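The values are calculated or read from the model by the stated rules, or taken from the named source; none is laboratory data. The model shown is predicted, which means the values in this text are computed figures rather than measured ones. Note that we place each Cβ from the backbone using ideal geometry, even for glycine, and neighbour counts take in every protein chain shown.
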Amino acid sequence: MTQGPVCVPPLLVFGWGNLSRGDDALGPLCVEYLRTAMASSAAVECLEDYQLQIEHALDLVGRQRVLFIDASLTCQAPFEVTLLQARQDESFTTHAMSPQAVMQVFRKLQGEEPPPCTLLAIRGERFELGEPPSPRALIHLAAARQWAHAWLNEPSALPLSQVNAAGSGAC
């Protein structure tokens, strides 16, 4: 029995971090919010993990745009947004990869450029094991969630035909 083409939502939101390590939970918490907020949209898929790994390059296949979300100790508060370019970096051979390294793996595997990818880095302060997110980080998270929700609803996110098809459940 042969299967038809697999429907892949054109927008991917991918957050990573550890829910048990204080502000490191910001990425997954943001994804959790967006998953609920966009539950009725067939155009968005939300994924989360503890860290980015080489296998995540396959999650980029068939996407129009990708939003990576992570906590950061070094970004400006409340958050920073960066357009990413594929590149091999020092994380390329580790278990915890950068989004740019994941994009580079995609490029090598697929023989084409990855979809446009954006990093939403949310300012965190405390990453201690067993701690909840800090009050200030939760304020940053609220601002980041608002920005990410708007990013997902940009009319330019998809060609009109893709929006109509996604809305009707067609592939």
| request: Confirm whether residue 52 is of a type outside the set (Gly, Ala, Ser) and not in a loop (DSSP other than H, G, I, E, B). | output: no
| field | Residue tally, condition part of a helix (DSSP H, G or I) and surrounded by fewer than 23 Cβ atoms within 10 Å (Cβ to Cβ), over segment 108-144 | value | 9
| query | residue 134 is checked against (1) of a type in the set (S, T, N, Q); (2) at pLDDT below 95; (3) farther than 17 Å from residue 64 by Cβ and fails just one. What number does that condition carry? | reply | (2)
| field | Pairs with Cβ under 8 Å, 6+ apart, first in segment 132-151 and under 18 Å from residue 17 (Cα atoms), second among the acidic types (Asp, Glu) and surrounded by 14 or more Cβ atoms within 10 Å (Cβ to Cβ) | value | 133/23; 134/23; 134/125; 136/125; 137/23; 137/125
| note | Of the conditions (1) buried (at least 22 other Cβ atoms within 10 Å of the Cβ); (2) out of contact with any Ser or Thr (no Cβ under 6 Å at 6 or more places or on another chain); (3) touching a residue at least 60 places away in the same chain (Cβ under 8 Å), the single one that residue 67 does not satisfy is (2)
